[in-house]
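The values are calculated or read from the model by the stated rules, or taken from the named source; none is laboratory data. In this text the structure is predicted, and so the values were computed from the model without any measurement. Because the Cβ atoms are built from the backbone with ideal geometry, glycine has one as well, and the counts that use them run over all protein chains shown. Accessible surface is based on the protein model in full, side chains and every heavy atom, while ligands, DNA and RNA are left aside. Shrake-Rupley method; radii C 1.70, N 1.55, O 1.52, S 1.80 Å.
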Amino acid sequence: MNKKETLLEQIRADIIDNNISPDLAKTAKNLVMGDGNIDTDIVFIGEAPGKNEDETGLPFVGAAGKFLDEMLATAGMQRSDIYITNIVKYRPPNNRDPLPEEKKAFWPFLVRQLNIIRPKIVVTLGRHSMEYFLPEQKISMIHGDPKRISFGDTKIVIVPLYHPAAALYNGGLRATLIEDFMKLPTIIKLLEKEKK
Ligand code: URA
């Protein structure tokens, strides 16, 4: 294991050792930490694992994940180009929305993940992960608009997107999400230019 992998594994151990979100831990089968490229510039953050994710221990492997993969491919990317995780790392029973205290309990661990991976862009999927980076904002007002924020000792760009599961069976939202998603390659290019 390299240094980053070791540090990320330590987060998993700390969540278990500190019995974070004990009620969810009791009902969940797996702790779903995240998956993908830990040397990436772009991290996607969803809400919480669903049934398939709980069973496999991997994020976004169900219907919403397949839709996400399709959008990534259309934008010229694949899973191995990005890292993907959730704000809440255990499945809430019956896929209910994560509770405020559950999001709060897991937030410091998400911050640690980001401080290890150090992405330039964080794509939030849905309002549950967005609200922690862009408090008091409404997703219906700001979806698809990149926002630069200070994050610890660095600056990152947040791209707030609708959640693929919400857009899956809603034609209007689906078209909006695809349109917003297709802005990502331009945002990535602009940031690369700034680096030079
Ligand atoms: N929805 C999410 O927010 N995360 C997953 O991992 C799967 C579905």
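Annotations
- Seen from a random direction on average, the alpha-carbon convex hull of the range 123-196 projects onto 5.2 square nanometres.
- Take the chain with all the other protein chains still there, run a 1.4 Å probe, and you get 50 Å² of accessible area per residue.
- Remark on the range 1-136: hydrodynamic radius 15.0 angstrom, per the Kirkwood mean of 1/r across alpha carbon pairs.
- Lys/Arg +1, Asp/Glu -1 at C-beta; the chain dipole; positive extreme among Thr154, Gln10, Val111: Thr154
- Across the protein chains, with a 1.4 Å probe defining accessible surface, the residues Arg96, Arg148 rank Arg148, Arg96 from largest area downward.
- The range 119-139 and the range 55-84: distance between their alpha carbon centers, rounded to Å: 18
- Computed log₁₀ I(q)/I(0) - Debye formula, equal Cα scatterers, no solvent, the range 105-166, q 0.22, 0.27 Å⁻¹: -0.92, -1.26
- Size of electric dipole in the range 1-86: Cβ of Lys, Arg +1 and of Asp, Glu -1, about Cα centre, debye, nearest 20: 120
- Using θ = phi - 60° and Karplus 6.51 cos²θ - 1.76 cosθ + 1.60, couplings along the range 23-34 (whole Hz; Gly, Pro as x): 5, 5, 4, 5, 8, 7, 8, 9, 8, 9, 7, x
- Only protein atoms count toward the accessible area here, which uses a 1.4 Å probe; on the chain, the carbon and sulfur part of that area reaches 51 percent.
- Highest-first arrangement of 136-143, 123-130, 58-65, where packing means the average Cβ count within 10 Å: 123-130, 58-65, 136-143
- At 0.692 mPa s and 37 °C, Stokes D of the range 59-196 from Kirkwood alpha-carbon radius, µm² per second: 209
- Computed [θ] at 222 nm, deg cm²/dmol, the chain (DSSP H ≥ 4; -39,500 (n - 2.57); rounded to nearest 500): -14000 deg cm²/dmol
- Relative contact order computed over the range 3-195 (Cα-Cα under 8 Å; 6+ residues apart), in percent: 23
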